Amino acid sequence: MSVSVSNDALLQFLLRMGDNTLILGHRVSEWCGHAPVLEEDIALANTALDLIGQTQMWLGLAGEIEGGKSADDLAFLRDAWDFRNVLLVEVPNGDFGRTLMRQFLFDAWHSIMLGRLMTSSDDRVAAIAAKASKEVAYHLERSGDTVVGLGDGTEESHTRMQEALDYLWPYVGEMFASDEVDAKIVAAGIAPNPIDLREEYDALVERILTQATLTIPESRFAHKGGRDGRMHTEHLGHLLTQMQWLQRAYPGAKW
Amino acid sequence: MYAQMVKSEASNDDPEKLAEFQARIDADIKIEPKDWMPQGYRKTLIRQIGQHAHSEIVGQLPEGNWITRAPTLERKAILLAKVQDEAGHGLYLYCAAETLGVSRDELTEMLLDGRMKYSSIFNYPTLNWADIGAVGWLVDGAAIMNQVPLQRTSFGPYSRAMIRICKEESFHQRQGYDAIRKMAEGTPEQKKMAQDAMNRFWYPSLMMFGPSDKESVHSAQSMAWKIKINTNDELRQKFVDQTVPQAEYLGLTIPDPDLKWNEERGHYDFSEPDWSEFFDVIKGNGPCNVDRLAARNKAWDDGKWVRDGLLAHARKKKAGNLAAE
């Protein structure tokens, strides 16, 4: 590493990456067996599987840095205030349109972020990003195609996709928020400043949403509080209740 | 995940063509979609392959029930991968059925309105985490017993789908066994979960082979056509013989006081499942029949706008491409 960075800042950064993939992977896995068509069941399971695999890498490294913790300890034994995912990934699935719109809005950020992280000054971060970016390139292609197909499909599918975009848009801004943790991470060359990804993101999202004949809301208002843990949505607690149940009910058991 | 054998359909075909067809089957020449085949052969295969495909699809539900509660990231990933494989099996099987002249949508509608069945095993609930191990170990184990011989079945596309499916199923069975082993070797509560899963899944797993068919005329026809290779009883015995030592190794008790090794036969003697329960479940009275079918219907109905939307977009794109040419 070129510039030393406090373990705490690095840990926060890793939790932000790993909690995003963990919580979104969980949400996507809720679709299992309930998708509109068999190919979508397969694709959703595949996306969830990739995201859980990435979680194992990000939280695995976070646990090492925290000292002797496993990815499972972090996933299953923290409470809501310790989670560092953006609010976007914890909002409920809604209909298939909202799920895919959320996936697209996240994939677009994720693919740009991972591309930058491949040149991270921290080799471990760069290695995870290199592996994950291949998977995420496919996620983005698929979610982008589906958003275009449904946005420019029937009148009903168009209306539903516009509603999904209107609902989710206020959760987009948080992915580009910066704080002191980011400042330290940027100074150490570990990751880019989130705000610096916005231009590329806007260009990408605008291109796809235009093809989808959808209108991006004008307001840039952003709900925040997930990536710094200050204030999650009410939904996260319920998600954790389900996800963590066995580990909480039978402490110390090996599975 | 599972091929439940169906009864063969009667045929009313030209005897000369039938004899020629039978000669090909006897010579182990695969029947391909464009070849002549008896109506009964075609209908029996559509029912059997369709039912197998439906079982893969409905089978996502009892396992999906635990994906969001899987106790570790690794177990969650393994379960996701397994359910994804099963949806993939459904896809190859629907494709194999389509070669016989029935569309996936037609088959789906027949599942949703109850005209076609899926394996009854999926009408049982998954109540604790060890059930996920038991489903892999016992249910996939029983399914493999049925499916391994089907790799040699006479209809080419079905046989080829089965070869691919069997590879993945063997892997699932090992993963299931590993999951339940971990629990059988774990805390007293985990052992209790493992035994509870064993108690509930043992007899339903034996039922997966179907009632005794020694005297069945339908089975004889299916066996002559090599749609079916072994009798239900042969496969059930093989499953019991394979599973008892595994259960002993795990320290789990099989819920059958009459289970014992028969030196003379060289096989285990075991109690028959309660066949009245089996017929009840087939009639729709299993613990989950109504909910499973309702979940599939809801997924299909809720997804209509998505399928319509994507189709409309594909048509617009095609029209746009044609206009540009």
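The values are calculated or read from the model by the stated rules, or taken from the named source; none is laboratory data. This is a predicted model, so every value here is computed, not measured. Don't worry about glycine lacking a Cβ; one is built from the backbone with ideal geometry, like all the others, and counts go over all protein chains shown.
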Some residue of the range A:83-98 being more than 8 Å from every other protein chain (Cβ to nearest Cβ), more than 28 Å from residue B:60 (Cα to Cα), more than 17 Å from the chain's Cα centre (by Cα) and not hydrophobic (A, V, I, L, M, F, W, C): no
Subset of the range A:228-252 (residues that are more than 9 Å from chain B (Cβ to nearest Cβ), aliphatic (A, V, I, L, M) and surrounded by 13 or more Cβ atoms within 10 Å (Cβ to Cβ)): A:236, A:240
Subset of the range A:168-199 [assigned to a helix (DSSP H, G or I) and either within 20 Å of residue A:35 (Cβ to Cβ) or of a type in the set (D, E, K, R) (or both)]: A:168, A:174, A:180, A:182, A:184, A:196, A:198, A:199
Residue in the range B:94-106 that is more than 9 Å from every other protein chain (Cβ to nearest Cβ), touching a residue at least 40 places away in the same chain (Cβ under 8 Å) and farther than 21 Å from residue B:46 by Cβ present: no
Residue satisfying condition, being within 10 Å of chain A (Cβ to nearest Cβ), buried (at least 22 other Cβ atoms within 10 Å of the Cβ) and closer than 20 Å to residue A:41 by Cβ, within set B:136, B:64, B:88: B:64
Single unsatisfied condition, residue B:53 versus (1) more than 28 Å from residue B:217 (Cα to Cα); (2) without any contact (Cβ under 8 Å) to a residue 60 or more places away in the chain; (3) buried (at least 24 other Cβ atoms within 10 Å of the Cβ): (1)
Helices (runs of 4 or more DSSP H) wholly inside the range B:1-86 that include at least 2 residues being at pLDDT 95 or above and in contact with a Leu (Cβ under 8 Å, 6 or more places away or on another chain): B:39-58, B:60-67
Selection from the range B:112-131 of residues that are in contact with a Pro (Cβ under 9 Å, 6 or more places away or on another chain) and either closer than 14 Å to residue B:206 by Cα or crowded, with 19+ Cβ neighbours inside 10 Å (or both): B:120, B:121, B:122, B:123, B:124, B:126, B:129, B:131
Residue within the range A:67-80 that is modelled with pLDDT under 95 and away from chain B (no Cβ under 11 Å) present: yes
Any hit, the range A:76-86, residues being more than 25 Å from residue A:46 (Cβ to Cβ), outside any helix (DSSP H, G or I) and of a type in the set (S, T, N, Q): no
Given (1) over 29 Å from residue B:284 (Cβ atoms); (2) modelled with pLDDT of 95 or more, number of the condition residue B:127 does not satisfy: (1)
Breaking point among (1) within 14 Å of chain B (Cβ to nearest Cβ); (2) crowded, with 21+ Cβ neighbours inside 10 Å; (3) of a type outside the set (Ser, Thr, Tyr), for residue A:158: (2)
Single residue of B:310, B:293 found to be in a helix (DSSP H, G or I) and either at the interface with chain A (Cβ under 8 Å from one of its Cβ atoms) or within 18 Å of residue A:93 (Cα to Cα) (or both): B:310
Given (1) under 22 Å from residue A:130 (Cβ atoms); (2) touching a Gly at 6+ places or on another chain (Cβ under 9 Å); (3) more than 9 Å from chain B (Cβ to nearest Cβ), index of the condition residue A:63 fails: (2)
